[in-house]
Each structure stands twice: as structure tokens, then as C-alpha cells.
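See below for the structure under consideration.
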Amino acid sequence: MLTPEAITTALKAVKYPGFSRDIVSFGLVKDVAIDGGAVSVALQMTSANPEAAAAIQTASEEVLRGLPGVERVTVEMRQPAGAPGQAGGGNPWANQNRVPGVRRIVAVASGKGASASPPSRSTWPAAWRVSDRPWVCWTATSTAPAFR
């Protein structure tokens, strides 16, 4: 008889491409459903690598079809959005708003930690111009830039 445990145990035979560990130990198996002889499995990929996803899907389908009582197999691959620098990732800064008149923003933190008292004048943000280029400096306690 088909059980979710039997399906999960069978999927331990599927190795993640390039690793010696299986997809179950990596935690990719997120959902197992059984309806008669139909088995449906959802796998959550941790990388946006389409070649690895295709290899895992093919190997998972083969392993599940080999189980007694399985008539139909569906393996759903859930892939994360592309990370910056990867194909399909796009520009991570494309939708950010720009500060008018400011080309570069430098974040500065003092590393002093949190304080229960209100910030002193020295910890408020400061702004200055360097060679006709506006710069904005934020401190760890600031909530908005100050321009001078």
C-alpha cells in the first residue's frame, strides 16, 4: 500500500546533482499526496538552477514509477526567483527610488550599539558635498538623510 512515508523513503534514492546527499535530507520534499494509484510530489528547490531541477524531476519520476501500485506520477518543481548575478535575476536596484540630486549614498555606522537615551547631535545624519557631487551620510540611528 502506498503511504507518504513510503514515497519519502523511495525519494531518498534521488541524489542532488553534484552532491552525495539525497533530496530528502536536503529538505526539498515539501508535499506528498496519494490518490489511489496517483502520486503527486512537490519539491522546493533552493537554487534557481534549471539543469539541477530537470535532473531531480526526471530521477524522482523514475523512482516513483518503479514503486508497486503507482499508476500516475506528478512531480511539481518549485523554483525560487533568480538571485542577483544569476541568469534571470535582473537588476536588484531597478525598482529603487533615487534621492533627487544625490548620486552616491554611503552608510556609516558607529558600532556603539543601542542606547535608551535620545540620539545626540553628533549621531544625527550629516550631508556634505565633495567636488560638486552630493553625498549623504546615514548613521545607524538616523531615519532620514539630512542635506546641507
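The values are calculated or read from the model by the stated rules, or taken from the named source; none is laboratory data. This structure is a prediction, so every number in the text was calculated from the model and none was measured. Using ideal geometry, Cβ is built from the backbone for each residue, glycine included, and neighbour counts are taken over all protein chains shown.
Here are a few things to note about the model shown:
- Inside region 22-68, residues that are over 12 Å from Leu11 (Cα atoms), small (Gly, Ala, Ser) and part of a helix (DSSP H, G or I) make up a count of 4.
- Any hit, region 73-94, residues being at pLDDT 90 or above, hydrophobic (A, V, I, L, M, F, W, C) and closer than 14 Å to Ala10 by Cα: yes
- Checking each residue in region 1-55 for being farther than 24 Å from Glu71 by Cβ and basic (Lys, Arg) picks out Lys15, Arg21.
- Here region 1-56 is the region considered, the condition is being closer than 21 Å to Gln79 by Cβ, basic (Lys, Arg) and over 19 Å from the mean Cα position of the chain (by Cα), and the residue that is surrounded by the fewest Cβ atoms within 10 Å (Cβ to Cβ) is Arg21.
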